[in-house]
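Okay, structure first, notes after.
The values are calculated or read from the model by the stated rules, or taken from the named source; none is laboratory data. As the structure is a prediction and not an experimental result, all values here were calculated from the model. Here the Cβ positions follow ideal geometry from the backbone for every residue, glycine too, while neighbour counts run over all protein chains shown.
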Amino acid sequence: MSQDSPCPQDPYSPYAALRSGCPVRSVPTGSGGRSGYLVTGYAEARETLADGRLSKDTAAFFAGKGSPRTLHPAVAHTMLATDPPRHTRLRRSVTGAFTAGAVTRLRPFIARVTDELLDRWTGGGPFDVVRGLAVPLPVIVICELLGVPETGRPDVRRWSAELFSAGDPHAVDTASHALAGYLAELVAAKRRHPGDSLLDRLVPACDEDRNGDQHLSEEELVSLAALLLVAGHETTTHFLGNAVLALLRHPAALDRLRKDPDAIPGALDELLRFDPPVATATFRFTTQAVTLGGVELPPGVPVQISLGAANRDPERFPEPDLLDLDREAAAHLAFGHGIHRCLGAHLARAEAEIALRAVLARFPAIRLAVPPERLEWRRTRLVRGLVSLPVLT
């Protein structure tokens, strides 16, 4: 299936057309003439996300098929590309670092970093909310959590961006090897000089023999680190950028949150529903025949779930194209659903809440510096986010 977004400025009109025609439809994959299926309806998407008959084991799906790609295995086969029981074991090893309580302890650090970033906005000209805040904030937070030193953070951010670059498979593959190589060296450094970061705490799980079986293999450890680094900031970057843009384009909602910042936590679900940072869920395939939305899917076919389309389904969210901060939107699928639901949801919400509070408090007259149609969007089907968001105060 193509990696290019069908309409970066406004994918929701095409989504609506696809959904109204059929919420589950056969689409070309762009690979060898094979077909897959695209899910655009809310009910069907929620069901598919939790259906154990759809596997995420990409290694099993592509085994023997051959591929010109050379993605590093630690990046190609992360926890997101596994099924239980392996997925359960891997997820359990890091869940504790992303609980609501653990995130609460991070809030002072997130607030301090936010203030430091906004201090650089001296006024007198446009400020890029994406490059000046939405990109560096989650990078700094997840790198601090994992124990990535400041000297390595620019490279981590660059490699992560290249992993999501559309239309350049060579750049993606090269970045995967660079990131995996860096993390393998970082793990080795932490063995020599242990610290108290999440990655430091995971190293013993790799080294200790538990009943004759390693809890984490070396490759699994590097793969977990890569997934947490990339997923831990890419989606939050786009969540924050999309949320600020949505508010700037809806002045009444912006004014309401500016006057009542304590309403921001309750508004996050609607902002996530309205323009989610993950447009399409990661790869799945059927392991047996499955009926979805009245459509029979044969075994062994890829299935992609459009979270953006599902979140705008009028059957679940009336007047879905309206940003309504009073809407009960907690059932949105922006964080996914089922066993693969976003591990970092609490962290992403905390970062977005703290950042929005700071921006609205410091810059009550914030407004777009360019017309909305001139904004540039990332050209990839997987994530939906802005390249930049220039604003004035």
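Of note:
- Whether a residue is in a helix (DSSP H, G or I), modelled with pLDDT of 95 or more and not hydrophobic (A, V, I, L, M, F, W, C) was assessed, and ARG316 does not pass this test.
- Evaluated against (1) of a type outside the set (Ser, Thr, Tyr); (2) assigned to a helix (DSSP H, G or I); (3) surrounded by 15 or more Cβ atoms within 10 Å (Cβ to Cβ), TRP121 falls short on exactly one condition, (2).
- Filter result (surrounded by fewer than 18 Cβ atoms within 10 Å (Cβ to Cβ) and of a type in the set (Lys, Arg)) within region 231-287: ARG249, ARG256, LYS259
- Taken over region 284-299, the criterion of being free of Cβ contacts under 8 Å to residues at least 40 places away in the same chain and assigned to a loop (DSSP other than H, G, I, E, B) is satisfied by ALA289, PRO298, PRO299.
- For the residues THR40, THR88, THR82, the requirement of being more than 29 Å from LEU386 (Cβ to Cβ), buried (at least 18 other Cβ atoms within 10 Å of the Cβ) and within 21 Å of the chain's Cα centre (by Cα) singles out THR82.
- Candidates PHE285, PHE239, filtered to the one that is of a type in the set (Phe, Trp, Tyr), more than 15 Å from the chain's Cα centre (by Cα) and on the phi < 0 side of the Ramachandran plot: PHE285
- Annotation: GLY147 fulfils all but one of (1) touching a strand residue (DSSP E or B) at 6+ places or on another chain (Cβ under 9 Å); (2) at positive phi; the unmet one is (1).
- Pairs with Cβ under 9 Å, 6+ apart, first in region 268-279 and touching a residue at least 40 places away in the same chain (Cβ under 8 Å) and within 18 Å of ILE354 (Cα to Cα), second assigned to a helix (DSSP H, G or I) and among the aromatic types (Phe, Trp, Tyr): LEU268/PHE239; LEU271/PHE239; LEU272/PHE239; PRO277/PHE239
- Of the set (1) out of contact with any Asp or Glu (no Cβ under 6 Å at 6 or more places or on another chain); (2) buried (at least 20 other Cβ atoms within 10 Å of the Cβ); (3) modelled with pLDDT under 95, all apply to LEU292 but (1).
- Every residue from region 1-57 that is acidic (Asp, Glu), modelled with pLDDT of 95 or more and part of a loop (DSSP other than H, G, I, E, B): ASP51
- Qualifying positions in region 183-197 - within 23 Å of the chain's Cα centre (by Cα) and over 16 Å from THR78 (Cβ atoms): SER197
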